[in-house]
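Colleague: First, the structure itself, so that you have it in front of you.
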Amino acid sequence: MNTEKLKWIYLGVLSLIWGSSFILIDQAMHGLSSIQVGALRVVLTGLFIFSVGLKKVKLIERKQWKWIFWTALAGSMLPMFLFAIAQEQLDSSVASMLNSLVPLHTIIFGVLFFGVVVSKRQIVGVILGLVGALVLVFAGAEFQPSQNYWYSIFILLATIGYGLNVNIIKRHLNDLNAIAIVAGNFVIISIPGLIILWYTGFFDTVLENEAMQIALGYVAILSLFGSAVAKVIYNRLVQISSPVFASSVTYTMPVVAIFWGLIFGERLSIYQLLGGIIILVGVYLVNKRAKKS
């Protein structure tokens, strides 16, 4: 299969997986604290990755480890905690909408620090996608005024991390095996994640608490698909496309997240639907090739 078709398949798969991750976090929060959810994701994802890809770590050269460290921190560990903390107050669909800030930060940091050149059409597409995300957020706020939108700051910080992460991979790790990158990430963060999980008292109570056991199942699904499998696909997508294209998955994720939100009782207005359409138009503009003269 050629690269052009493959990157769109990857984008669709990632949209489905990551669009579903927000409702999984929401359900896990019924039995676990936000810190436990974040730490458990780190630990379980590490176990899944090590079971299939630990040998790939030897492909990482010594000079690449500093970049592996920064991608581990910015693209994995911090977002896993920040999204869980944010969803203490925000609905899963709102969290996914705010996540649409990733392409904007990808372009900003790409231009500022990585020498990335973007076209006017891409800039317009990103801005349009951001406008669509804002429409979705404010429409949601109208129906959920009790939510504390200050918690959106945590998602803002996570999207900054994702923007840095995708640029680092494209610039410094583009030739490295995608599984090796993820395995290297979790070599670095799995032990800290386990220490944090231990100090939350998780291991002292999980065997006696049915709600925690159910939540553990949600986190396990999230870790296997939303973290382990999806991160490998995402890193490969970055390598075969561009940072802007790869980060545009955050535009299509809210569509999936809203679908799950409806199933679990979250309401959807016509304005949210309009915001979703605007987002998809933005994705099209970001990825539309310039016409040949």
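The values are calculated or read from the model by the stated rules, or taken from the named source; none is laboratory data. All values reported here derive from a predicted model rather than from experimental measurement. Cβ coordinates were reconstructed from backbone atoms using ideal geometry, including for glycine residues, and neighbour counts include every protein chain displayed.
Colleague: Filtering region 117-140 down to residues that are touching a residue at least 24 places away in the same chain (Cβ under 8 Å) and not in a helix (DSSP H, G or I), which residue is surrounded by the most Cβ atoms within 10 Å (Cβ to Cβ)?
Modeller: The extreme case among them is 118.
Colleague: Now for a different question. Any residue that is on the phi < 0 side of the Ramachandran plot, basic (Lys, Arg), modelled with pLDDT of 80 or more and under 12 Å from the mean Cα position of the chain (by Cα) - is there at least one of those in region 233-242? Break it down into steps so the answer makes sense when it comes.
Modeller: From region 233-242, those on the phi < 0 side of the Ramachandran plot are 233-242; that's our starting set.
Filter once more, keeping what is basic (Lys, Arg): 236.
Filter once more, so that each one left must be modelled with pLDDT of 80 or more: 236.
Okay, now just the ones that are also under 12 Å from the mean Cα position of the chain (by Cα), so none.
So far as region 233-242 goes, no, none of its residues is on the phi < 0 side of the Ramachandran plot, basic (Lys, Arg), modelled with pLDDT of 80 or more and under 12 Å from the mean Cα position of the chain (by Cα).
This table checks each residue for (1) of a type outside the set (D, E, K, R); (2) at pLDDT 90 or above.
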residue: 168; (1), (2): yes, yes
residue: 171; (1), (2): no, no
residue: 185; (1), (2): yes, yes
residue: 191; (1), (2): yes, yes
residue: 195; (1), (2): yes, yes
residue: 199; (1), (2): yes, yes
residue: 210; (1), (2): no, yes
residue: 215; (1), (2): yes, yes
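Colleague: Taking region 181-219, which residues are under 19 Å from the mean Cα position of the chain (by Cα) and among the small types (Gly, Ala, Ser)?
Modeller: Once the filter is applied, which keeps residues that are under 19 Å from the mean Cα position of the chain (by Cα) and among the small types (Gly, Ala, Ser), region 181-219 yields 183, 184, 190, 193.
Colleague: Also, quick follow-up: Return the pair list, or none, for Cβ contacts closer than 7 Å from residues in region 197-222 that are in contact (Cβ under 8 Å) with a residue 40 or more places away in the chain to residues that are hydroxyl-bearing (Ser, Thr, Tyr), at least 6 apart or on different chains.
Modeller: Between residues of region 197-222 that are in contact (Cβ under 8 Å) with a residue 40 or more places away in the chain and residues that are hydroxyl-bearing (Ser, Thr, Tyr), the close pairs are 200/33; 212/205; 222/21.
Colleague: Those residues that are crowded, with 18+ Cβ neighbours inside 10 Å and either over 26 Å from residue 89 (Cα atoms) or basic (Lys, Arg) (or both), I need them from region 34-56; list them, please.
Modeller: Residues satisfying the conditions are 41, 46, 48, 49, 53, 56.
Colleague: Could you please give the count of residues in region 141-180 that are in a helix (DSSP H, G or I) and touching a Lys or Arg at 6+ places or on another chain (Cβ under 8 Å)?
Modeller: 4
Colleague: Now a separate question. Filter region 52-92 down to the residues that are of a type in the set (Asp, Glu) and within 18 Å of residue 34 (Cβ to Cβ) and list them by number.
Modeller: 88, 91
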